[in-house]
Amino acid sequence: MRKVRVRFAPSPTGPLHIGGVRTALYNYFFAKKHGGDMLLRIEDTDAARFVPGAEEYIVESLNWLGIKIDEGVGAQSVGTFAPYHQSERKAIYRKYIDQLLAAGLAYIAFDTPADLEAKRLEIANFQYDATTRNLMTNSLTLSVDEVKTRIKSAEQYVVRIKIEPNLEIKVQDLIRGEVIFNSSVIDDKVLFKSSDELPTYHLANVVDDYLMEISHVIRGEEWLPSAPLHVLLYRYLGWTEVMPEFAHLPLLLKPDGNGKLSKRDGDRLGFPVFPLNWKDPKTGETSSGYREAGYFPEAVVNFLSLLGWNSGTEQEIFSMQELIDQFSLDRVSKSGAKFDYEKGKWFNHKYLQSKDNKEIATIFQCLLGEKGIVEDTAKVTKIVSLVKERANFVTELWGQSSFFFVAPKEYDAKTVQKRWKTETPAQLMELIDVLFAIDDFSAENTENIVKDWIEKKEYNLGDVMNAFRLSIVGEPIGPHMFDIIAVLGKLETIERIQRAVININN
RNA sequence: GGUCCAUUCGUCUAUCGGUUAGGACGCCAGGUUUUCAUCCUGGAAAGAGGGGUUCGACUCCCCUAUGGACUACCA
């Protein structure tokens, strides 16, 4: 088997879509599993759709996710097949266009967009192919001299592939098996346009994959219909022997209804469809990303990996290395996968629980800083350890722990009604005395003493504790009470109880 | 319209001719608990339809239906 070399070849037309992320991931797993290379090539053959910043966004996204590029754009060392931007490879493509032209496997066409539009109106289901090309304005219908003069007078033209009709073209797909197409259904695709001296995707990707010695083309299912064209191109160029193997991945579908997951679905349903936040430089429109939404890259990687692939075991949580070790194209499913955001949250929850408290505390400190709260790492770490199990995201930690940092300003009305009884103030005043007398304010010690007191006085445990919680937290939420007051300290605890007794009237 | 791809619980999926069709998310119930969560236990929940092939089909074949992708001088 030849050296595995795969490429991720996005177009810099905007932020990297989450479906693209999964494609990149599968390419990466496959490459690393087989000790191969992962290349990043930028397919910028359409200047009109170029969006500034998109390329940087793509590189940063892959970086964030932990996908390491071995070669090409964003790689440590550039690589031997540079350049990796298609816009910088004009001369290379021109050479192969000329080869195709000389061999009579492609031809020059002068039809303007308006001409084509007219033809489509004139002929139902018009397709530029063997049955119609002799009706058009091209080097097959014009004399050699006429073609020459037109080119000389700077008339715009395109080069089209001359598809031989009625051939059976077999595409071997690693996921779907053999897929057979009849060449007659393929149109004479534009390979090159004189207007910008650039090829279109079809020619460029074949030429580059060949020159860059790509062994496997792993891409989305939307490319399956054009795969026979690519196979034909390899044949026309004489590269059949080294043609890469193909694998067409199932699509990522929208959670409700059907169809490809799109940017709009994210906006509509309230979840990100991009790895990172993005602001469109032209429209100023912003899109949210997983990173900023509080996701760990490992969780996103894990979640996405299982949308269309499974290990065959009942394992759900996978590290990047496990994914690489266990990945196999023949365990990729054939049908599209609906995007289940709820499960995505669960993955993040799992990763949050398994993370080191101190590491989470560091991230949480940044969020606290934005609120003007500065606390030392040890204390924040302790708080994180107490509340993280009830959160899916670091960003949810504040909602679970704000009372550690800020005393309650008001008390949840429903809880007051339910838990604040006539005897409560007196009991809490007693509690203050009990707590005041304690020197060792550790959770274990305060719990023993307070519970002994409740028992001795024959108070109702629930009554006292719930009122206690209301005084300290202001709401019926939070971890073990004695853990909370151990963090708050004696003084703050007593002050909060006093304040509650003064302020709560029921 | 044409071509191609697909079709197991609501969702992601296991099953590669013989299983009580398994797991996970979500949902529901119960338990733990001073609250809310977490957690634990349990539950409901699936082979699109019709023909074949076979002793036996979720699994193989065909048809139908449904869904999707593609059908640009975009990728």
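The values are calculated or read from the model by the stated rules, or taken from the named source; none is laboratory data. Note that the structure is predicted; figures quoted are calculated from it, not measured. Glycine gets a Cβ as well: all are built from the backbone with ideal geometry, and neighbour counts include every protein chain shown. We work out accessible area using only protein heavy atoms, side chains counted, and drop any ligands, DNA or RNA first. Shrake-Rupley method; radii C 1.70, N 1.55, O 1.52, S 1.80 Å.
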* **Which listed residue, of A:Ile502, A:Ile497, is more than 11 Å from RNA strand B (Cβ to nearest atom) and open to solvent by less than 30 Å² (accessible area, probe 1.4 Å)** => A:Ile497
* Would you check which residues across region A:148-173 are crowded, with 17+ Cβ neighbours inside 10 Å and in contact with a Phe, Trp or Tyr (Cβ under 8 Å, 6 or more places away or on another chain) and list them? => A:Arg150, A:Tyr157, A:Val158, A:Val159, A:Arg160, A:Ile161, A:Lys162, A:Ile169, A:Val171, A:Asp173
* Please verify whether region A:227-247 includes one or more residues that are open to solvent by less than 30 Å² (accessible area, probe 1.4 Å), touching a Ser or Thr at 6+ places or on another chain (Cβ under 6 Å) and not assigned by TED's automatic domain parsing to the domain that holds A:Asp188. => no
* Asked: Taking the stated definitions as given, is A:Arg22 at pLDDT 95 or above, farther than 24 Å from A:Val207 by Cα and more than 10 Å from RNA strand B (Cβ to nearest atom)?
  -> yes
* Of the residues A:Leu100, A:Leu62, A:Leu121, which is among the hydrophobic types (A, V, I, L, M, F, W, C), within 26 Å of A:Leu233 (Cβ to Cβ) and part of a helix (DSSP H, G or I)? -> A:Leu100
* For region A:323-338, what are the residues that are more than 6 Å from RNA strand B (Cβ to nearest atom) and surrounded by 15 or more Cβ atoms within 10 Å (Cβ to Cβ)? -> A:Leu323, A:Ile324, A:Gln326, A:Phe327, A:Leu329, A:Val332
* Structure fact -> Flagged in region A:65-97 as part of a helix (DSSP H, G or I) and closer than 20 Å to A:Ala204 by Cα, in numbering order, are A:Gln86, A:Ser87, A:Glu88, A:Lys90, A:Ala91, A:Ile92, A:Tyr93, A:Arg94, A:Lys95, A:Tyr96, A:Ile97
* Hits in region A:256-300 (condition: of a type outside the set (S, T, N, Q), away from RNA strand B (no atom under 14 Å from the Cβ) and open to solvent by less than 20 Å² (accessible area, probe 1.4 Å)) -> A:Gly266, A:Pro272, A:Val273, A:Phe274, A:Pro275, A:Leu276, A:Gly289, A:Tyr290, A:Gly294, A:Tyr295, A:Phe296, A:Val300
* Please verify whether region A:358-372 includes one or more residues that are in contact (Cβ under 8 Å) with a residue 40 or more places away in the chain and either surrounded by 15 or more Cβ atoms within 10 Å (Cβ to Cβ) or over 23 Å from A:Val487 (Cβ atoms) (or both). => no
* **Single match in A:Ala106, A:Ala102, A:Ala47, A:Ala118 (criterion: touching a residue at least 40 places away in the same chain (Cβ under 8 Å), assigned by TED's automatic domain parsing to the domain that holds A:Val190 and over 27 Å from A:Met1 (Cβ atoms))** => A:Ala106
* Structure fact -> Over region A:27-41, the set of residues within 16 Å of RNA strand B (Cβ to nearest atom), outside any loop (DSSP other than H, G, I, E, B) and touching a Gly at 6+ places or on another chain (Cβ under 8 Å) is A:Leu39, A:Leu40
* Can you pull out the residues in region A:53-91 that are within 15 Å of RNA strand B (Cβ to nearest atom), open to solvent by 30 Å² or more (accessible area, probe 1.4 Å) and over 30 Å from A:Ser319 (Cα atoms)? -> A:His85, A:Ser87, A:Glu88, A:Lys90
* Which one of A:Gln76, A:Gln127 is polar (S, T, N, Q) and touching a residue at least 60 places away in the same chain (Cβ under 8 Å)? -> A:Gln127
* Structure fact -> Conditions (1) among the acidic types (Asp, Glu); (2) open to solvent by less than 30 Å² (accessible area, probe 1.4 Å); (3) touching a helix residue (DSSP H, G or I) at 6+ places or on another chain (Cβ under 6 Å) -> A:Glu197 fails only (2)
* To do: Kindly indicate whether A:Val158 is closer than 14 Å to A:Lys189 by Cβ, assigned by TED's automatic domain parsing to the domain that holds A:Pro244, in contact with an Asp or Glu (Cβ under 9 Å, 6 or more places away or on another chain) and not aromatic (Phe, Trp, Tyr).
  => yes
* Pick from region A:124-135, criterion assigned to a helix (DSSP H, G or I) and out of contact with any helix residue (DSSP H, G or I) (no Cβ under 9 Å at 6 or more places or on another chain), ranking: most open to solvent (accessible area, probe 1.4 Å) -> A:Asn134
* Checking A:Lys148 against (1) over 36 Å from the mean Cα position of the chain (by Cα); (2) under 21 Å from A:Arg5 (Cα atoms), which test does it fail? -> (2)
* To do: Go through the residues of region A:474-481 one by one and say whether even a single one is more than 11 Å from RNA strand B (Cβ to nearest atom) and assigned to a helix (DSSP H, G or I).
  => no
* Name every residue in region A:256-280 that is assigned to a loop (DSSP other than H, G, I, E, B), more than 30 Å from A:His216 (Cβ to Cβ) and modelled with pLDDT of 90 or more, in order of residue number. => A:Phe271, A:Asn277, A:Asp280
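Rundown of residues vs (1) touching a strand residue (DSSP E or B) at 6+ places or on another chain (Cβ under 9 Å); (2) of a type in the set (A, V, I, L, M, F, W, C), yes/no style:
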residue	(1), (2)
A:Lys152	no, no
A:Glu155	no, no
A:Arg160	yes, no
A:Ile163	no, yes
A:Asn166	yes, no
A:Gln172	yes, no
A:Asp187	yes, no
A:Ser195	yes, no
* Structure fact -> For helices (runs of 4 or more DSSP H) lying entirely in region A:136-244, having 3 or more residues that are among the basic types (Lys, Arg) and more than 8 Å from RNA strand B (Cβ to nearest atom) picks out A:144-152
